[in-house]
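The block underneath contains the structure these notes are about, expressed in structure tokens.
The values are calculated or read from the model by the stated rules, or taken from the named source; none is laboratory data. Since we're looking at a predicted model, the values are computed, not measured. Every residue, glycine as well, gets a Cβ built from its backbone with ideal geometry; the counts of neighbours run over all protein chains shown. The accessibility values were calculated without ligands, DNA or RNA, using every heavy atom of the protein model including side chains. Shrake-Rupley method; radii C 1.70, N 1.55, O 1.52, S 1.80 Å.
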There are 2 protein chains.
Amino acid sequence: MAHAHPHAEASCKICAEEPPAALLAACRAAGLRRTHLLRRVLEILQRQSAPVSIRELSAARGVRDDCDPATLYRLLQRLEAKGLVRRIGLHERAAHYTLRRGHHHDYVVCRECGDVALLDMACPAQKLEREVGRRTGFKDVDHELQFYGVCPKCK
Amino acid sequence: MAHAHPHAEASCKICAEEPPAALLAACRAAGLRRTHLLRRVLEILQRQSAPVSIRELSAARGVRDDCDPATLYRLLQRLEAKGLVRRIGLHERAAHYTLRRGHHHDYVVCRECGDVALLDMACPAQKLEREVGRRTGFKDVDHELQFYGVCPKCK
DNA sequence: TTAGATGCAAACGATTTGCGCGGAA
DNA sequence: TTCCGCGCAAATCGTTTGCATCTAA
């Protein structure tokens, strides 16, 4: 998938920040307008290496003044449709999002507090995507792998 | 995880059916009552190798007469708490459930129609659970791996 | 008899939709 | 000026909770 989007194959540790300007440019190139909310969302996503929940993004507008949920959802849908952002299930009620960087990451999720930590290790599933496609006849195979456990803080 | 629950390490292909009586016995041993709904739910779960959505389980009571959602959710929670059933995210709005058989399976989900197919192949993530625990300090590590793609029917 | 299950109704939280207005191109 | 994106309000959908009733043990 590295070829699918124009992001640099950053040397990770864990994911070098992309300059906001480059991100904005990519968005504009994808046909999005450079709005206030877009800037804020990109800022937040870029600052976090681990997936960010919708709730956290809701604060994008500023203190004490959450942004409109409908607008936020629509923006994220657009970003996802353009391949700029990745939506992650995490087995929680609310979805999480990350910037689509040049490479793939997996996560550990705390069963107690819901905290998400980024794993910096080779993904064992990536190489199987092709095989899964061959075995099942599915096209365009992708995957999502999460580990669940209890984080140090919770016990 | 094979030791965690008293299910036989069936020779798969794909997952030999367990006799309903054995399942019921396991439930009773776990402290559940052998109610009508429990029987129906077990029947359905046992018939399907792939994860079953809540919506499908809702028909558990019979034709044209869906069972009460609250009751169903509560039953599934109990089953999951006792380790008899496994809840799976699948990145969908509604949760899916499978019987916890003696061993682990992964799935391919169609991005278009939501169909879930069971994968009968060695899981590459299982052996990493321990390593993830060591690296992150998380305890009791478990995982969930899903592949996503477009199924043959959808294109 | 009695703790565990059920059914119903109502509450909740996440996500979606319709619509008129405002701002980026 | 023209669309795209926004804010607001209301609708949907999945899931949870409270409570009175029922029932398997």
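Condition first: hydroxyl-bearing (Ser, Thr, Tyr) and in contact with a Lys or Arg (Cβ under 9 Å, 6 or more places away or on another chain). Can you find one or more residues in the stretch A:96-110 that meet it? Reasoning before the result, please.
Initial filter on the stretch A:96-110 (hydroxyl-bearing (Ser, Thr, Tyr)): A:97-98, A:107.
Still in the running and in contact with a Lys or Arg (Cβ under 9 Å, 6 or more places away or on another chain): A:97-98.
There is at least one residue in the stretch A:96-110 that is hydroxyl-bearing (Ser, Thr, Tyr) and in contact with a Lys or Arg (Cβ under 9 Å, 6 or more places away or on another chain).
Taking the residues in the stretch A:120-137 that are hydrophobic (A, V, I, L, M, F, W, C) and more than 8 Å from chain B (Cβ to nearest Cβ) as candidates, determine which candidate is surrounded by the most Cβ atoms within 10 Å (Cβ to Cβ). It would help to see each step written out before you state the result.
Filtering the stretch A:120-137 for residues hydrophobic (A, V, I, L, M, F, W, C) gives A:121-123, A:125, A:128, A:132.
Applying the additional criterion that residues be more than 8 Å from chain B (Cβ to nearest Cβ) yields A:122-123.
On the way: A:Ala122: 10, A:Cys123: 17.
For the stretch A:120-137, the residue satisfying everything is A:Cys123.
Against the condition crowded, with 17+ Cβ neighbours inside 10 Å, within 16 Å of DNA strand D (Cβ to nearest atom) and of a type in the set (Val, Ile, Thr), how does B:Thr71 come out, does it pass? Steps first, please.
Values: crowded, with 17+ Cβ neighbours inside 10 Å: no; within 16 Å of DNA strand D (Cβ to nearest atom): yes; of a type in the set (Val, Ile, Thr): yes.
So B:Thr71 fails the test.
Can you find a residue in the stretch B:89-96 that is in contact with a Pro (Cβ under 8 Å, 6 or more places away or on another chain), over 22 Å from A:Leu119 (Cβ atoms), within 14 Å of chain A (Cβ to nearest Cβ) and of a type outside the set (A, V, I, L, M, F, W, C)? Give the steps one after another, and end with the answer.
Residues of the stretch B:89-96 in contact with a Pro (Cβ under 8 Å, 6 or more places away or on another chain): B:90, B:96.
Now restrict to residues that are over 22 Å from A:Leu119 (Cβ atoms): B:96.
Going one step further and asking which of them are within 14 Å of chain A (Cβ to nearest Cβ), we end up with B:96.
Next, from what is left, pick out any that are of a type outside the set (A, V, I, L, M, F, W, C): B:96.
The answer is yes; a qualifying residue exists.
Go through B:Arg100, B:Arg86 for me and flag whichever is more than 15 Å from A:His91 (Cβ to Cβ), within 10 Å of the chain's Cα centre (by Cα) and more than 14 Å from DNA strand C (Cβ to nearest atom).
Numbers: B:Arg86 fails: more than 15 Å from A:His91 (Cβ to Cβ).
The match here is B:Arg100.
Within the group A:Arg74, A:Arg40, which residue is within 24 Å of B:Gly89 (Cβ to Cβ), modelled with pLDDT of 90 or more and within 16 Å of DNA strand C (Cβ to nearest atom)? Let's see the steps before the verdict.
Values: A:Arg40 fails: within 24 Å of B:Gly89 (Cβ to Cβ).
Every option except A:Arg74 fails the conditions.
Looking for whichever is within 15 Å of A:Glu144 (Cα to Cα) and within 13 Å of DNA strand D (Cβ to nearest atom) here; the options are A:His36, A:His91. Which one fits?
Numbers: A:His36 fails: within 15 Å of A:Glu144 (Cα to Cα).
None of the others qualify; the one that does is A:His91.
Would you be able to tell me the number of residues in the stretch B:84-102 that are farther than 22 Å from B:Glu43 by Cβ and open to solvent by 40 Å² or more (accessible area, probe 1.4 Å)?
Here the count works out to 3.
If I go through the stretch B:15-34 residue by residue, how many of them are in contact (Cβ under 8 Å) with a residue 24 or more places away in the chain and touching a helix residue (DSSP H, G or I) at 6+ places or on another chain (Cβ under 8 Å)?
The first filter runs over the stretch B:15-34 and keeps only residues in contact (Cβ under 8 Å) with a residue 24 or more places away in the chain, leaving B:15, B:17-18, B:20, B:23, B:26-27, B:30-32.
After this cut, where a residue has to be touching a helix residue (DSSP H, G or I) at 6+ places or on another chain (Cβ under 8 Å) as well, the list is B:17-18, B:20, B:23, B:27, B:32.
Number satisfying all stated conditions: 6.
Out of B:Asp140, B:Asp115, B:Asp106, I need the residue that is within 20 Å of the chain's Cα centre (by Cα), at the interface with chain A (Cβ under 9 Å from one of its Cβ atoms) and open to solvent by 40 Å² or more (accessible area, probe 1.4 Å). Which one? Let's see the steps before the verdict.
Values: B:Asp115 fails: at the interface with chain A (Cβ under 9 Å from one of its Cβ atoms); B:Asp106 fails: open to solvent by 40 Å² or more (accessible area, probe 1.4 Å).
Residue meeting the stated conditions: B:Asp140.
Looking at (1) open to solvent by 70 Å² or more (accessible area, probe 1.4 Å); (2) touching a Gly at 6+ places or on another chain (Cβ under 8 Å); (3) more than 13 Å from chain B (Cβ to nearest Cβ), find the lone condition where A:Gln77 falls short.
Every condition holds for A:Gln77 apart from (2).
Would you tally the residues in the stretch B:143-155 being open to solvent by 70 Å² or more (accessible area, probe 1.4 Å) and either within 7 Å of another protein chain (Cβ to nearest Cβ) or among the hydroxyl-bearing types (Ser, Thr, Tyr) (or both)? Working first, answer last.
Going through the stretch B:143-155, the residues open to solvent by 70 Å² or more (accessible area, probe 1.4 Å) turn out to be B:152-153, B:155.
Filter again for either within 7 Å of another protein chain (Cβ to nearest Cβ) or among the hydroxyl-bearing types (Ser, Thr, Tyr) (or both), leaving B:152, B:155.
Qualifying residue count for the region: 2.
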